[in-house]
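Working notes, beginning with the structure itself.
Every number here is computed from the coordinates shown, using simple stated rules; none is lab data. Not measured: the values here are computed from a predicted model. As a convention, Cβ positions derive from the backbone with ideal geometry for all residues, glycine included, and neighbour counts pool all protein chains shown.
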Amino acid sequence: MRFITTATLNWFDDGCCDVKYLDLWNDVPLSYQPGQPIDENWYRYHFEQHIGHDPGGQLFQAAASTLKQYQYYPKDVMTVVGDHDVYRRQLEVGDRIVQRVHVFQFRGRPVLDAITMNEIIDVIDEPRRYGITYVTVNTHIEQGEWAATVTWHKNDDVILTIDSLSRPVPHEPARNYNFIRSLQKHAYQRGLDHFTECVWELARKQVEV
């Protein structure tokens, strides 16, 4: 399969047993180190999403809680499981996250998935700011880093910021680059919208309680 893609592919699987990859790939080394040299083949993305105006701080707390559990992408884009799920806690530095990316679906059911893994390397947990950063491991079709931060600004606006730097791994066939990039852009936009919806839903539930 390496002449087709370097990705770990999976057919007709609902992902119910993906927790196994946390053990299988536990010792797989990182494929990217922050600050390493990059060239023109790397892609940078920067997004900012206005979550809402929040004089009381409830919206920020809901956003931080959502990100602490890595509830970011909608399940029709990808499903995830991480060490934080196994131990039923928020994300910590060193945690690994398995992502099952839905490459092709039919009538809402996954047909072909790609399995990837990332590792949390930084967590920001401040009174008005929460963020996570993860980097890829060698089982990932790409190499790079992804960071998400929610900030409760002094004007009481809550802003989600996404920054990423990535490129396909060197041995990935060049014919796949455009397809990988299109999947990535689609996932990023869906993630921004889904995260915002999840935050507002949680904030409303907290108010009702």
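One table, with the values for the structure above:
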{"read-out": "Amide H partners (placed H, <5 Å) of Gly82, local residues excluded", "value": "Val98"}
{"read-out": "Sum of -39500 (n - 2.57) over DSSP H runs of 4+, divided by residues of the chain (222 nm, nearest 500)", "value": "-8000 deg cm²/dmol"}
{"read-out": "Candidate lysines for bridging to Lys75, where Cα separation is under 28 Å - those fewer than 8 sequence places away on the same chain excluded", "value": "Lys20, Lys185, Lys205"}
{"read-out": "Which of Asp122, Asp113, Asp85, Asp39 has the fewest Cβ neighbours within 10 Å, and the rest in rising order", "value": "Asp39, Asp122, Asp85, Asp113"}
{"read-out": "Answer label for mean projected area of the Cα convex hull in nm² (calculated), chosen among [x] 12.7; [y] 20.2; [z] 12.0", "value": "[x]"}
{"read-out": "Distance (nanometres) between label positions extended 7 Å along Cα→Cβ at Arg107 and Val19", "value": "3.1"}
{"read-out": "Neighbourhood charge, 13 Å Cβ-Cβ cut-off, centred on Phe60 and excluding it, Lys, Arg +1 and Asp, Glu -1", "value": "-1"}
{"read-out": "Long-range amide H partners of Ile124 with built H, under 5 Å", "value": "Gly131, Ile132"}
{"read-out": "Angle in degrees between helix 58-68 and the longest Cα principal axis of the chain, rounded to the nearest 10", "value": "20"}
{"read-out": "Gain on full stretching of the segment that runs from Trp11 to Asp27 - 0.36 nm per residue minus C-alpha separation", "value": "3.3 nm"}
